[in-house]
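Structure first, commentary second.
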Amino acid sequence: MDLLFATRNRDKSRELRELLGRDFEVIDLNSFPEIGTPEEIGKTFEENASLKAIAASRDRPAFAKRPSGSDPRRGKHLLVIADDSGLEVDALGGAPGIYSARYAGESANDAENVDKLLRELSTKHIAPDQRSARFRCVIALAQNGKLLGTFEGVAEGNIADPPRGTGGFGYDPVFQPDGSEQTFAETERKTARHVRRRSRREHCRCAPGNRRLRLRSGFSTGWIRADVCRNGA
């Protein structure tokens with residue numbers, strides 16, 4: 001089954017391909033440079049994920065220009081998913097939250113975002129045992145400009161200082177999941193997936209009358225494993 005991931009983040013796309021395996025042919029917006037991405041004006045992860053999924057699923061002319069080897073007749077029914085995800089730190093009132101990717105500024109890189117996070121905690125004199133946090137990820141599923149459903153996953157943990165590990169991306173070097181002595185960046189990929197699955201919470205909202213498709217997915221910025229609903233089309 002073809003699945004368009006409405007992102008140009010190659011790290012996320014790589015992880016999704018590895019997780020879904022051969023059941024899905026995952027393509028992303030790098031295959032469709034003509035498709036723009038909407039401004040993330042939502043106030044929640046769910047709103048932003050839905051905006052991106054719906055916008056990408058409306059661009060049918062782009063789907064007709066599928067990558068070589070794909071069946072162009074399937075483009076108009078292409079399933080599209082988009083995510084919005086981030087880190088929530090309790091001592092910072094849930095920040096950086098929906099601003100996780102640009103916490104230190106619109107053009108900030110991962111290291112700059114992490115540095116700002118640790119400075120904020122240090123400035124507020126937050127003790128190490130008071131640095132509870134979670135990765136939250138919401139994925140929206142759309143088709144033909146219609147939102148079919150959303151689902152959410154959460155991985156609970158704490159903020160580590162200093163950063164540890166070289167794997168992953170984003171805030172992985174400072175996020176230590178509950179029940180582990182390692183950060184996500186220190187953990188081998190297969191082990192990290194297991195930890196994230198085990199710590200997940202599930203929440204799914206689907207349009208009525210749709211039939212179900214089992215979709216497992218996960219990112220360094222959160223974990224999802226839930227029933228996703230889609231139209232029979």
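The values are calculated or read from the model by the stated rules, or taken from the named source; none is laboratory data. Since we're looking at a predicted model, the values are computed, not measured. Here Cβ is always computed from backbone atoms with ideal geometry, including for glycine, and neighbour counts include all displayed protein chains. Note: areas computed on protein heavy atoms with side chains; ligands, DNA, RNA excluded. Shrake-Rupley method; radii C 1.70, N 1.55, O 1.52, S 1.80 Å.
Worth pointing out:
- All of Tyr103, Tyr99 fail the test of being more than 24 Å from Glu181 (Cα to Cα), touching a helix residue (DSSP H, G or I) at 6+ places or on another chain (Cβ under 9 Å) and of a type in the set (Phe, Trp, Tyr), apart from Tyr103.
- Filter result (among the hydroxyl-bearing types (Ser, Thr, Tyr) and open to solvent by 80 Å² or more (accessible area, probe 1.4 Å)) within the range 99-115: Tyr99, Ser107
- Counted residues, the range 20-31 - those being crowded, with 19+ Cβ neighbours inside 10 Å and farther than 15 Å from Leu79 by Cα: 0
- Residue within the range 85-96 that is at pLDDT 90 or above, of a type outside the set (A, V, I, L, M, F, W, C), under 19 Å from the mean Cα position of the chain (by Cα) and farther than 21 Å from Pro177 by Cα present: no
- The condition (being farther than 23 Å from Phe5 by Cβ and touching a residue at least 40 places away in the same chain (Cβ under 8 Å)) is satisfied by just one residue among Gly157, Gly145, Gly179, Gly170: Gly157.
- Phe151 being touching a strand residue (DSSP E or B) at 6+ places or on another chain (Cβ under 8 Å) and under 25 Å from Gln182 (Cα atoms): no
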